[in-house]
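Everything on this sheet refers to the single structure shown next.
The values are calculated or read from the model by the stated rules, or taken from the named source; none is laboratory data. The structure presented is a predicted model; accordingly, all values stated were derived computationally and were not measured. Cβ placement follows ideal geometry from the backbone for every residue including glycine, while neighbour counts extend to all protein chains displayed.
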Amino acid sequence: MKPLLVIGLGNSLMGDEGVGWHVAERLAGDPRLPADAEVVCGGTDLLRYADGMEQRRRVIVVDALHDDAEPGSVSAWEETGGAGASACQPFPQLDNGQDNVHCLSAVQAIQLLRMSVPVPITLLGISIPCANVQSGLSPELAARMPAILERMLHELA
Amino acid sequence: MSKIVIDHLARVEGHGGITVEVEGDTVSNVTFDVFEGARLLEPLVRGKRFDEVAPVLSRICSICSVAHTLTSLKATENAFAVRVSPQTDLLRELMFRGESIESHALHLFLLAVPDYLNYPSAIALSADKPAVVLLGLRLKKLGNLIQETIGGRAIHPVNAVPGGFGKAPAIEQLIELRSALMQGVADSDAAMDLMASLPAADFCHCDTVYAALRSPSLDSYYDGDEVMAVSDGSRAIVHATDYKTLTNERAVPHSHAKHSAFREKPFMVGSLARLTVNPRRLTGKLAVAKKRLKLQLPADNPMDNNKAQALELINDVERALEIIEQLLRAGVKDEPPVPVHPRAATGTAITEAPRGLLIHSYTYDAEGRITAADVITPTALNAASMEMHFRKAVEQSAERDDAALSRKLQMIARAYDPCISCSVHLLRRQ
């Protein structure tokens, strides 16, 4: 098992919302990917990957971020995976509301994972302009993909 | 006039919300806006070859990717008159069971139970009652394991292909699954104990029409081509090819999803509908559990869908074990998929996704490329019924406190286990 795990979240049919998925797909085929890193193109349910996180040194989760920043900007949040911290919010700058009737957000899932997976998790949010039904990224975000990949590789180095 | 607005059920701006307008004691208007992506995604498969369709449409939803994949394959196989092997039928049913276990565990433990116990979220619940959340996570993990073992990966299964399976599971993998399911029996029993201990949630009562797959075995999420609709003791059968006579869809101005009505009445799909249509599944241990939950069928309370999911959780674990025993007894053959010979034809499939009836219908040209596609999800089918129950809940409530009514409406919405938000998954800054 490789010590680093990268999980790209998103729905690839929902345009820019699937940016995490697209980043993971590109990263997995990138020759610059460090040998100690494994990349998974995920869906929208981070809890599915709980088993795969166990015994890793570090997990990096990539997801779309809805904010006012320039599209393609990458924001990072660290979570140390300390035991007994389940009541604390790991990323206070991010919305933690139960606003989803069908599955948990990445923020909520990471909080629950703390109960059973004591692995440090880094959450990388990629700012997107909008989420619409389309099979690829918007030209605006696609143009930023080389810079986003550079940032990902820097995070993995 | 007062207005109750719940605008954060979905994660797409401006969609997935509930609005209820009340004038005096009269509910003047109820709208539920569903962002129902499936309909908008259908153009993405036009022109695709028959073997490219399921991998695209499985991406409609991560939670229901098995149901979308297998319903897509079934529609394609129906179009080309392909009959898959009994082993394929069993493996597909097993994948459905895994998805149902995973989805019901997620919904009951992490979304519904916090409501009943007055916690704002599963995270808050985990601080006080970690065992409850860990039980849910264990069951969810079991469902994931089944899907990953048979489907070939955690989501968007790759092993299931037109005509059969690209790669069948090894005997050792099935033995490992059997061991995990033995633990799952105890966990699903514990889930029943929890559900039986929850306070009652009676927010509205009204006659409800139920519709579900009528499988020849009475207990399949996958096998069968007929829908049974049950209303006031009467039953009607609709064949898959006539699905439009069941759905009678009409566009409504306030929602992306069209509304469905059978004989001019909204209908409910999902676990409660499945148990109502196929009540003979409820024997032995399930009959005892049904009595503990005080579940009467047909039910007149949509909150009973949560009880029905708990019963299905027990049944899914038992049925998955039976299928694995069957496969182990017969021995898993390394059989190639049945050859597919494309032709100009239409194929329709109906199955039971975790949250209800799922319909895929495709028209192919002679080269096996899609010329038209229709995907109708359970959440779209339920939209009109949800509005009906929201209206009844407000009309039948003695309370006029907006916060209390809002909580009831959200719990009803969650009981339907709708899939309005899975299409997107965004982080948001505070």
* Odd one out for B:ASP193, checked against (1) under 29 Å from B:ARG263 (Cα atoms); (2) among the charged types (D, E, K, R); (3) not in a loop (DSSP other than H, G, I, E, B) -> (1)
* Hey, any hits in region B:124-137 for a residue that's away from chain A (no Cβ under 14 Å) and either assigned to a helix (DSSP H, G or I) or surrounded by fewer than 24 Cβ atoms within 10 Å (Cβ to Cβ) (or both)? -> no
* To do: Could you list all residues from region B:193-229 that are within 21 Å of the chain's Cα centre (by Cα), closer than 15 Å to B:ALA308 by Cβ and modelled with pLDDT of 95 or more?
  => B:MET195, B:THR208, B:TYR210, B:ALA211, B:ALA212, B:LEU213, B:TYR221
* To do: Return the residue satisfying two criteria in turn: it lies in region B:295-330 and is in a loop (DSSP other than H, G, I, E, B) and either of a type in the set (Gly, Ala, Ser) or without any contact (Cβ under 8 Å) to a residue 40 or more places away in the chain (or both), and of such residues it is nearest to B:MET195 (Cα to Cα).
  => B:LEU295
* Would region A:103-120 turn up any residue that is closer than 17 Å to A:GLY20 by Cβ, more than 9 Å from chain B (Cβ to nearest Cβ), in contact with a Leu (Cβ under 8 Å, 6 or more places away or on another chain) and modelled with pLDDT of 90 or more? -> no
* Asked: Restricting attention to region A:39-55, which residues are surrounded by 18 or more Cβ atoms within 10 Å (Cβ to Cβ) and either of a type in the set (Asp, Glu) or more than 11 Å from every other protein chain (Cβ to nearest Cβ) (or both)?
  -> A:VAL39, A:ASP45, A:MET53
* Structure fact -> Among the residues of region B:365-406, the number that are touching a Pro at 6+ places or on another chain (Cβ under 9 Å), of a type outside the set (A, V, I, L, M) and surrounded by 24 or more Cβ atoms within 10 Å (Cβ to Cβ) is 5
* Looking only at region B:51-73, which residues are farther than 12 Å from B:ALA349 by Cβ, more than 9 Å from chain A (Cβ to nearest Cβ) and either crowded, with 24+ Cβ neighbours inside 10 Å or without any contact (Cβ under 8 Å) to a residue 24 or more places away in the chain (or both)? -> B:GLU52, B:SER58, B:CYS64, B:VAL66
* Quick check: anything in region B:74-89 at pLDDT below 95, assigned to a helix (DSSP H, G or I), in contact with a strand residue (DSSP E or B) (Cβ under 6 Å, 6 or more places away or on another chain) and buried (at least 19 other Cβ atoms within 10 Å of the Cβ)? -> no
* Residues being assigned to a loop (DSSP other than H, G, I, E, B), hydrophobic (A, V, I, L, M, F, W, C) and within 11 Å of chain A (Cβ to nearest Cβ) - total across region B:365-424 -> 4
* Leading residue by the ranking (modelled with the highest pLDDT) among those in region A:81-94 that are at the interface with chain B (Cβ under 7 Å from one of its Cβ atoms) and surrounded by 17 or more Cβ atoms within 10 Å (Cβ to Cβ) -> A:LEU94
* For region B:242-259, what are the residues that are surrounded by fewer than 19 Cβ atoms within 10 Å (Cβ to Cβ) and small (Gly, Ala, Ser)? -> B:ALA251
* Asked: Just a yes or no: is a residue in region B:221-231 farther than 25 Å from B:GLY347 by Cβ and free of Cβ contacts under 8 Å to residues at least 60 places away in the same chain?
  -> yes
* Asked: When you look at B:VAL113, is it within 27 Å of B:GLU322 (Cα to Cα) and among the β-branched types (Val, Ile, Thr), yes or no?
  -> no
* Asked: Across region B:90-104, what is the number of residues that are touching a Lys or Arg at 6+ places or on another chain (Cβ under 6 Å) and either at the interface with chain A (Cβ under 10 Å from one of its Cβ atoms) or surrounded by fewer than 22 Cβ atoms within 10 Å (Cβ to Cβ) (or both)?
  -> 1
